[in-house]
1. Could you name every one of the strands (runs of 3 or more DSSP E) located completely within segment 229-345 that has at least 3 residues being farther than 30 Å from residue 68 by Cα and within 24 Å of the chain's Cα centre (by Cα)?
2. Of the residues 12, 5, 32, 27, which is at pLDDT below 80, farther than 24 Å from residue 236 by Cα and assigned to a helix (DSSP H, G or I)?
3. I'd like the full set of residues that are in a helix (DSSP H, G or I) and within 16 Å of residue 429 (Cα to Cα), limited to segment 85-101.
4. Would it be correct to say that residue 398 is closer than 30 Å to residue 336 by Cβ, part of a helix (DSSP H, G or I) and without any contact (Cβ under 8 Å) to a residue 40 or more places away in the chain?
5. Just give me the residues in segment 196-214 being surrounded by fewer than 17 Cβ atoms within 10 Å (Cβ to Cβ) and free of Cβ contacts under 8 Å to residues at least 60 places away in the same chain, in sequence order.
6. Residues 130, 114: which one is surrounded by 14 or more Cβ atoms within 10 Å (Cβ to Cβ), modelled with pLDDT of 95 or more, outside the structural domain of residue 328 (by TED's automatic domain parsing) and part of a helix (DSSP H, G or I)?
7. Given the structure, is residue 293 surrounded by 20 or more Cβ atoms within 10 Å (Cβ to Cβ) and either in contact with a strand residue (DSSP E or B) (Cβ under 6 Å, 6 or more places away or on another chain) or closer than 25 Å to residue 397 by Cβ (or both)?
8. Output the residues belonging to segment 28-38 that are surrounded by fewer than 16 Cβ atoms within 10 Å (Cβ to Cβ) and free of Cβ contacts under 8 Å to residues at least 24 places away in the same chain.
């Protein structure tokens, strides 16, 4: 074991240099980090004979099982939680899914929690990822684009949520936007247009150090995985299925998940309703965690207003090459600092610039160096947003750290919880429909169709 610490130290140094010092596009950074971690995995697995699966290191322990067994004593509470989660995930369809085990009480609680998640937590969680973390960009209202008008769109979304819960709404969303992307791809491939380059991706990989803050991202993902796998484990023990081990999953030196290892053969023989509860428990726990972190996030925001700084919101961006204005900042970009000066101060002092001067602009999408035109203008039209803007920034690093962890925990729990109920192979949603739908041809058609549209949502990243 004398070489273990030096290997970890060298891996950390290389990781730091790639992520924080190398000036290359994010996709290149991602590829280099993957290559490094694959190499670290092979070294550690071969040298120390560590247990592994699909090339990932499994750090196993039975200590977590003791805690899971204690939690499993609250059988009624956890079964009720799973039934409520089924109502949140599948709406009225959960009556068919859970058969006689769904009650009027669990259905009512599930629909109330579904409304709270969809109306309050989800918009904040998604916007947090879009703006604070710098993923994606602005887009028109989904409700309006789907329904032709905001009222019709909201009515349609409400109907989908009531009938099929988040499962049907998310599935509808990826299919709808997948068709939009497929149309743009067809126009580009067969008619020579640039339509695919103008379409935003419907999804993005969430990677600490790449498009998520490294330390905050690792902590938030650890919370998400512990909540998800812990809930699966508790319902597994309630179903009287043994747990063989538990632990964390490492990709090189990066923890990327947690796991519990049930006796799969015994789980497959359990009655279908109990199997469904085990499978739906993970996404349900993530949804409840998202609601809990939403309350903590909003409480933290409401009580720390004096420590926040205002930010600029980019309304118009000029990239006139003849005027020497370069580097686009899309509409909706948040600007925190200009040449190290916070946005509040820049606005109040009416900072002037020299012609053809390089200016460092710190945004929610990273730092951009922009050159002014012959009149000393940056070519940006920006509005200052006050401290009450939900996605302002804290001047105190400790408060900013807490703010990002709370926001990421809220957002990632929502994303993992909702995405996992999709009927896609390797997701919980696939196993749920596989357990409950007798016609396996229907299961395959739905699952591979969902997988096709899911992949389509990521496709525009290859053309940008």
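1. Numbers: elements: 243-251, 254-262, 311-317, 334-338.
Correct list: 334-338.
2. On the way: 12 fails: at pLDDT below 80; 5 fails: at pLDDT below 80; 32 fails: at pLDDT below 80.
Sole residue among the options that is at pLDDT below 80, farther than 24 Å from residue 236 by Cα and assigned to a helix (DSSP H, G or I): 27.
3. Pass one, segment 85-101, residues in a helix (DSSP H, G or I): 85-90, 93-101.
Once the filter is applied, which keeps residues that are in a helix (DSSP H, G or I) and within 16 Å of residue 429 (Cα to Cα), segment 85-101 yields 85, 86, 87, 88, 89, 90, 93, 94, 96, 97, 98.
4. Against the criterion (closer than 30 Å to residue 336 by Cβ, part of a helix (DSSP H, G or I) and without any contact (Cβ under 8 Å) to a residue 40 or more places away in the chain), residue 398 qualifies.
5. The answer is 198, and nothing else.
6. Values: 130 fails: modelled with pLDDT of 95 or more.
Exactly one residue qualifies, and that residue is 114.
7. Numbers: surrounded by 20 or more Cβ atoms within 10 Å (Cβ to Cβ): yes; either in contact with a strand residue (DSSP E or B) (Cβ under 6 Å, 6 or more places away or on another chain) or closer than 25 Å to residue 397 by Cβ (or both): yes.
Judged against the criteria, residue 293 is a match.
8. Taking segment 28-38 as the starting set, the residues that turn out to be surrounded by fewer than 16 Cβ atoms within 10 Å (Cβ to Cβ) are 28, 31, 34-35, 38.
Residues satisfying the conditions are 28, 31, 34, 35.
The values are calculated or read from the model by the stated rules, or taken from the named source; none is laboratory data. Just so it is clear, the model here is predicted, and its values are computed rather than measured. Note that we place each Cβ from the backbone using ideal geometry, even for glycine, and neighbour counts take in every protein chain shown.
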